[in-house]
Structures are given as structure tokens and as C-alpha cells.
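Single-structure report; data block below.
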Amino acid sequence: MCRNIRTLFNYDPPSASADIEAAALQYVRKVSGYRAPSAANKAAFQRAVADITRATSTLLSTLETSAPPRDRQAEIAKARARNARRFGKA
């Protein structure tokens, strides 16, 4: 699927609305095949991003877990370490 869409659930602090909207935009871009839609498709594209943003926000606010919240900075460090192992240091 979209490699740029990251897990947004169970972080301390919670994911910001900008993170949720960015994930929705990436999803719509992937599904539609457009990075930027034509003028004729712009309204449908923006409506889809808004709908997915709302649905994602609802999902994240209703999910429950007993796991402790993850630390965003620690997860970023782990991802960078995985990338360094995978692609080598630049």
C-alpha cells in the first residue's frame, strides 16, 4: 500500500489532525493515481480527503488498547535505524 502512511494510533502525544489529514491525502493520491488532480476532479479529490480524514479521526478516537502509548521520537529513531541497515548510511 502506501509506504508513507504511518501508524497513528496509540502515541503520546496523540496524532495531530495534520498527521491524519496527510495520511488521508496520501491514501487518496495512491488510490486515484493523481498527485494533483485536474480542475475537473479537484472537488471530488478534496471531498475524498475530507471524508477519509473524518473517518480516520473517528476510528482513532474510538479504538481502545491496554498497551502503553508509544513514544513518537523512539519510533522515529527505530525507523531510521531500520533504513540505515536496509539502505546503508548515506
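No lab work stands behind these numbers, since they all come straight from the coordinates. Here the structure is a predicted model, which means the values were calculated and not measured. Note that each Cβ is placed from the backbone with ideal geometry, even for glycine, and that neighbours are counted across all protein chains shown.
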| Which residue pairs have Cβ atoms under 7 Å apart, sit 6 or more places apart or on different chains, and have a first residue in region 6-18 that is on the phi < 0 side of the Ramachandran plot and a second that is part of a loop (DSSP other than H, G, I, E, B) and surrounded by fewer than 15 Cβ atoms within 10 Å (Cβ to Cβ)? | PHE9/LEU63; TYR11/PRO69; ASP12/PRO69
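In the list ALA40, ALA24, ALA48, ALA36, which residue meets the criterion of being farther than 22 Å from ALA79 by Cβ and surrounded by 12 or more Cβ atoms within 10 Å (Cβ to Cβ)?
ALA48
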| Could you list, in sequence order, the residues of region 21-35 that are within 12 Å of LEU8 (Cβ to Cβ) and either assigned to a loop (DSSP other than H, G, I, E, B) or among the aliphatic types (A, V, I, L, M) (or both)? | ALA22, ALA23, ALA24
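For region 36-59, how many residues are under 16 Å from the mean Cα position of the chain (by Cα) and not in a helix (DSSP H, G or I)?
First, pick out the residues of region 36-59 that are under 16 Å from the mean Cα position of the chain (by Cα): 48-59.
Filter once more, so that each one left must be not in a helix (DSSP H, G or I): none.
Going through region 36-59 one residue at a time, the tally reaches 0.
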| request: For LYS78, indicate whether it is more than 18 Å from ILE5 (Cα to Cα) and not aliphatic (A, V, I, L, M). | output: no
| What number of residues in region 61-76 are surrounded by 10 or more Cβ atoms within 10 Å (Cβ to Cβ) and either over 13 Å from LEU8 (Cα atoms) or over 17 Å from the mean Cα position of the chain (by Cα) (or both)? | 1
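Considering ILE52, ILE76, which residue is β-branched (Val, Ile, Thr), out of contact with any strand residue (DSSP E or B) (no Cβ under 6 Å at 6 or more places or on another chain) and under 30 Å from LYS89 (Cα atoms)? I'd like the intermediate steps shown before the answer.
On the way: ILE52 fails: under 30 Å from LYS89 (Cα atoms).
Going through ILE52, ILE76 in turn, just one is β-branched (Val, Ile, Thr), out of contact with any strand residue (DSSP E or B) (no Cβ under 6 Å at 6 or more places or on another chain) and under 30 Å from LYS89 (Cα atoms): ILE76.
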| query | Just one of the numbered conditions (1) loosely packed, with under 12 Cβ neighbours inside 10 Å; (2) touching a Cys at 6+ places or on another chain (Cβ under 9 Å) is not true of GLY88; which one? | reply | (2)
